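Data first, discussion second: the structure below is written as C-alpha cells.
Derivation of every value follows stated rules applied to the coordinates shown; laboratory data play no part. Just so you know, these numbers come straight off a predicted model, no measurement behind them. Every residue, glycine among them, receives a Cβ derived from its backbone with ideal geometry; neighbour counts consider all protein chains shown.
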Amino acid sequence: MKFSGSRNLTLVSVAVAAVVLAACGKKDAASDAQVIKIGHVGPVSGAIAHLGKDNENGARMAIEELNAAGLKFGDKAVKFELLAEDDAADPKQGTAAAQKLVDAKVNGVIGHLNSGTTIPASQLYNAAGIPQISPSATNPKYTRQGYAGAFRVVADDVHLGGTLGKYAVETLKGKNIAVIDDRTAYGQGVAEEFKKGATAAGGTIVGHEFTTDKASDFNAILTTLKAKKPDVVFFGGMDAVAGPMLRQMKSLGITAKFMGGDGICTAELAKLAGDAMKDEAVVCAEAGGVEGEQKVGMDKFRTDFKAKYNADVQVYAPYVYDAVKVMATAMVTAGSADPAKYLPVLKAINYKGVTGNIAFDEKGDIKNGALTLYTYKGGERAQIAVVR
C-alpha cells in the first residue's frame, strides 16, 4: 500500500465524537472490540535503556487512558493495543523491530527514540504505508526523505544545534570551542549544526574529535583538546557517554563549560557524572518546552507519571504521550484507522497537548518548535529559558 496524496484530544471529546471507526484491524475475541494497533519502538536494553523505558511508559500511559474511557465509535467499542519493541539504539535491531511491526499490520508507529534507528526504520514504514511519529529523533534527514507519513513532535537539530552554538558564544562568551561527537546520526548531526551556529556567532572551533556511543575512555581525545585551551566543550551524543566524559574532564583538569543537546539533557546525567558536575557547568537543550499556562499541564503530567511508574520523567515521555494522542485524534476525526484514510487528517492536525501545540509543516516537522535550555544545580536540572 502506498500513500495517497482539533483543543486537545480529551477522553470526553472522543466519546462525544461517536464516529464510526471502520478500522483495519482485528476483533478482540473476548470483548468483540475493534482493536487498533499502535507500535512503539525504543531502546529498552543497552546503555540508554532508561530513556527508552521512559518513552515506552509515556506510550503506555496514553494507551491506558484511551482504553479506560470505554470508548465507542458509533456502536462499536474500540480498544487501543500497544505493540512495544526494543531496538537497543542499534540501526540493525531497529529495522528488525520495524519489520515486526509491519508484519503485525500496525495502524501506526510512535518512535523510534534516536535518529540512527528512526531513519532506516522509516524506509520500511513508508514502503508499507504506515504513518510514523517520532517523539525525539532530531536529525533533519528524517523528515527530508520525502516520506508522506513521517512526522516528529520536537524541533530538529538545525534549530537545536544552531541555538546552542549561538548561546555558547553570545551568552557563555566562548571564544575557543571544542567539539566531540559519537558518530551516530544524532550525535554527528547535532554537532555539525552546533558548529555552524557557533561559527556564525563569531566563535572559533579549535578542534573536533570523535568517539562512539559505546566508548568509556576519552583520555586521548580530551588530552588533545586540553592543549587547545577551550572555553567550551560541546558533545554530540547521549548521557551514558557524557557522564563518564565529564568525570574524565575533571580528572584532567579541564574546566571548560560542557554543552550538549537533548541526548545528554536528562535527569540521569547528574548521577552518571557524579561529583564531576559543578553547578551551572553544564548547559544543554531539550527539544520542546512549555511556559506560562501550558506549564500547569506539563507539571501535572510529571506528577501523574511519577505516581504511576515511581520514576521521574527523563526527557521524552510527555512527547510520546502526546504523539499517541495525536495519532488517535487523526483516526477519530477520519473515522478510520486505515492509514490511507487518517493520514490526510494527521497532516492537518492542530492539537493542544501537554508539550504544547502540535501542528506539522509540509515536511512533517512540528511548526514553531520550542527548545528548553537547562543547566544543573545541586545535581538537579534547572530551566534557563524556553526559546523558539
MRE, 222 nm, helices only [DSSP H, n ≥ 4, -39500 (n - 2.57), over the chain, to nearest 500]: -12500 deg cm²/dmol
Relative packing of peptides 251-257, 377-383, 136-142 - highest average C-beta neighbours within 10 Å first: 136-142, 251-257, 377-383
Label corresponding to semi-axes √(5λ) of the Cα gyration tensor in Å when calculated from the structure given, among [x] 35, 23, 20; [y] 38, 32, 20; [z] 38, 20, 18: [z]
³J(HN,Hα), Karplus 6.51/-1.76/1.60, whole Hz, each residue of the stretch 162-170, x for Gly, Pro: x, 5, 5, x, 5, 5, 4, 8, 7
Formal net charge of residues neighbouring residue 96 (Cβ-Cβ distance under 14 Å; K, R +1; D, E -1): -3
Selection from 242, 207, 255, by position along the positive dipole direction of the stretch 203-258 (Cβ): 255
Sequence ranges 181-188, 337-344, ranked by mean other-Cβ count within 10 angstrom, highest first: 181-188, 337-344
Karplus 3J(HN,Hα) series, Hz, for the stretch 93-105 with 6.51 cos²θ - 1.76 cosθ + 1.60 (x for Gly, Pro): 5, x, 6, 5, 5, 4, 5, 4, 5, 4, 5, 7, 6
Summed residue charge, Cβ within 9 Å of residue 316's Cβ, Lys/Arg positive, Asp/Glu negative: -3
Long-range HN-HN contacts of residue 36 with modeled amide H, under 5 Å: 79, 80, 81
DSSP-defined antiparallel bridges as percent of all bridges, the stretch 232-388, nearest 5: 70 percent
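How would you order 301-312, 34-45 from highest to lowest mean count of nearby Cβ atoms within 10 Å?
Highest-to-lowest ranking by the protection proxy: 34-45, 301-312.
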Dipole magnitude of the stretch 157-287, debye to nearest 20 (Cβ charges: Lys/Arg +1, Asp/Glu -1, about Cα centre): 560 debye
